[in-house]
Amino acid sequence: MNILKKIYCRIYQTCFKLAIPLLPYRSPKIIELENLNNILSKESIKKLFIITDNNLIKLINPILNSLNINYFVYDKVKPNPTINDVEAARISYLDNNCEGILAIGGGSVIDLAKICGARVVKPKKSIQKMEGLLHICKKLPPLIVIPTTAGTGSETTLAAVITDEVNNHKYPINDFSLIPNYTIFIPELIMDLPSHITSTTGMDALTHAIEAFIGRSTTKKTRYYAIKAVKLIVENLKETYDNPHNLKARTNMLYAAHYAGIAFTISYVGYIHAIAHSLGGKYKTPHGLANAIILPIMLEIYGKKVYKKLAFLARETNIADDTDDNAVASKKFINYIYNLNKEMNIPNKLKDIKDEDIPLMAFYANKEANPLYPVPLLLDKNELENIYYIIRGQDE
Ligand SMILES: [Zn+2]
């Protein structure tokens, strides 16, 4: 990246960092399932719009049966929700005169619920015009989230990701109003997740924590939560993969994903996410899988810029000890990630990337990340293009 662009990016990021204490960040209130009816009555919700995917219907029946109020179940959510999917949900919400949303699902369900809520209160603003930062700025209907994966942290973030199916463009919408009001953790709901979902969503959470931590806009609070998340993931992710019914480990992973969410919603993600979104938009590569593969590769590319911070994480998690210098400790941490992927049967390359698609994907990744993400090392579109070749596993 040329020097003028670098200066522009760093000034832009510094302004956002200085603004952090002034911005209305909040976290959802963590409540028990037993209190859900009280919350609904406190929020004066007479009819609840429940967004989920139809694979979960059997699993969530006990929750539905416990509700004291009317509800409508919208269960047509697919992975990587599109603009049309949100519009269909919004019409259903309005047709059924609902007054609040309960999202039960993984990242796709939660993101669709957030954007559906945004469209309900902003009927004249298209989803395309919500792309980027602070284009909603209006209170959504009450949103309660029960996550069924331990990864996205979407129940605590101001981000929602949507795919424009016409342009194969997947992009985040960021607004404080998208932060849900309440969340409920039910580890039993995630006990029987397919093992590849357990592994890749867990790696998504790890990527959130690490990208937030190595970025240049951390605060005392976000460092605290990022470190806490990394420790919990190192201690519990492999265990949930090997012993999926270990409820304690499942609960720890729900909290890990939540803490990582708190960290990155304030301190941002970085190029790993920007590239993963571009791959998701073009090839529908599952988000967690893309992040898992890109994470160690990108950390190696960052090189010396992240030695100190990765070494700190390595020592905190006992992956390295005090006798290792920063370079050695940082490499141990990256090798730990490569090994963790391998042990959970996650591939180390994405072989389906096509040459002809790389320029447009790099364009989108550049557009998403620069100047917003306070990454340790700035890369322009051409430099980002090279990374797709590395991720594919062939030289340019
Ligand atoms: Zn993510």
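What does the charge dipole of the chain about its Cα centre add up to, to the nearest 20 debye, if the Cβ of each Lys and Arg holds +1 and the Cβ of each Asp and Glu holds -1? Don't jump to the answer; show the numbers that get you there.
Details: 47 positive and 39 negative charges, 253 e Å.
That gives a dipole near 1220 debye.
Filter the GluC sites (Glu not before Pro) in segment 7-96 to those in DSSP coil with at most 11 other Cβ atoms within 10 Å of their Cβ, and list the result. Here the sparse-neighbourhood loop sites are 32.
In the neighborhood of residue 149, defined by Cβ-to-Cβ distances under 13 Å, what is the net charge if each Lys or Arg adds +1 and each Asp or Glu adds -1?
Numbers: positive: 250; negative: 53, 111, 155, 192, 204.
Cβ neighbours under 13 Å give a net charge of -4.
Which listed residue (172, 23, 233) has the Cα farthest towards the positive end of the charge dipole for the chain, taking +1 on Lys and Arg C-beta and -1 on Asp and Glu C-beta about the Cα centre? The listed residue farthest towards the positive side: 23. Charge tally around residue 75: other residues with Cβ under 14 Å, Lys/Arg +1 each, Asp/Glu -1 each, net +1. Take every DSSP beta bridge whose two residues both sit in the chain; close to 25 percent of them are antiparallel.
Placing pseudo-labels 7 Å out from each Cα toward the beta carbon at residue 47 and residue 377 gives an inter-label distance of 5.6 nm. Inter-part distance, segment 341-388 to segment 118-185, computed on C-alpha centroids, equals 23 Å. For segment 238-396, what does the alpha-carbon gyration tensor say about shape, rounded, prolate or oblate, given a ≥ b ≥ c as the root eigenvalues, a/c under 1.5 as rounded, and a/b over b/c as prolate? Note, shape of segment 238-396 comes out prolate.
For segment 301-396, a simple Cβ point-charge model (Lys and Arg +1, Asp and Glu -1, everything else neutral) yields a dipole of about 220 debye relative to the Cα centre. A simple charge model with +1 on the Cβ of Lys and Arg, -1 on the Cβ of Asp and Glu and nothing else charged puts the dipole of segment 31-190 at about 520 debye relative to its Cα centre. In percent, rounded to a whole number, the relative contact order of the chain is 16, using alpha-carbon pairs under 8 Å and six or more apart.
Computed packing ranks the peptides 332-338, 284-290 as 284-290, 332-338, most packed first, by mean other Cβ atoms within 10 Å. Each of 49, 121, 37 was scored by the projection of its Cα onto the charge dipole of the chain, and the greatest displacement toward the positive side belongs to 121; charges sit on the C-beta of Lys, Arg, Asp and Glu.
Percent relative contact order of segment 111-244, based on C-alpha pairs within less than 8 angstrom and at least six residues apart? Provide the component values of the computation, followed by the final result.
Values: 175 pairs, mean separation 31.1, N = 134.
Reported relative contact order: 23 percent.
When only Cα pairs below 8 angstrom with a gap of at least 6 residues are kept, segment 31-190 shows a relative contact order of 24 percent.
Between residue 26 and residue 246, what length comes free when the chain is fully extended (0.36 nm per residue of separation minus the Cα-Cα distance, one decimal in nm)? Spell out each step's value before the answer.
On the way: separation 220, 0.36 × 220 = 79.20 nm, distance 3.07 nm.
Length gained between residue 26 and residue 246: 76.1 nm.
Computed per residue of the chain from DSSP H runs no shorter than four, each worth -39500 (n - 2.57), the mean residue ellipticity at 222 nm is -17000 deg cm²/dmol.
Highest mean first, how do 206-217, 346-357 rank when packing is the count of other Cβ atoms within 10 Å averaged over residues? Walk me through the numbers on the way to the answer.
Values: 206-217: 26.0, 346-357: 13.2.
The packing order, highest mean first, is 206-217, 346-357.
Normalised by 2.2 N^0.38 Å, where N counts its residues, the alpha-carbon radius of gyration of segment 31-190 equals 0.95. Applying 0.36 nm per residue to the separation of residue 223 and residue 126 and subtracting their alpha-carbon distance, the gain on full extension is 31.4 nm.
If R0 equals 30 Å, the separation of the Cβ atoms of residue 354 and residue 4 corresponds to a calculated FRET efficiency of about 0.35. When the square roots of the Cα gyration tensor eigenvalues are ordered a ≥ b ≥ c, the ratio a/c for the chain is 1.5 or more and a/b exceeds b/c, which makes its shape prolate. In terms of packing, defined here as the mean over residues of other Cβ atoms within 10 angstrom, the peptides 299-309, 229-239, 129-139, 104-114 line up highest first as 104-114, 229-239, 299-309, 129-139.
Can you work out the FRET efficiency for the pair residue 363 and residue 139, with r the C-beta to C-beta distance and R0 = 30 Å, to the nearest 0.05?
On the way: r = 34 Å, r/R0 = 1.14.
Using R0 = 30 Å, I get an efficiency of 0.30.
Lys and Arg at +1, Asp and Glu at -1: add these up for the other residues within a Cβ distance under 12 Å of residue 322 and post the number. Local charge sum for residue 322: -3. Please work out whether segment 1-45 counts as rounded, prolate or oblate from its C-alpha gyration tensor, where a ≥ b ≥ c are the square roots of the eigenvalues and a/c under 1.5 means rounded, while otherwise a/b larger than b/c means prolate and anything else oblate? Cα axes put segment 1-45 in the prolate bin.
No lab work stands behind these numbers, since they all come straight from the coordinates. Bear in mind that the values here come from a model prediction, so they are computed numbers and not experimental data. So basically every Cβ, Gly included, is an ideal-geometry build from the backbone, and we count neighbours across all protein chains shown.
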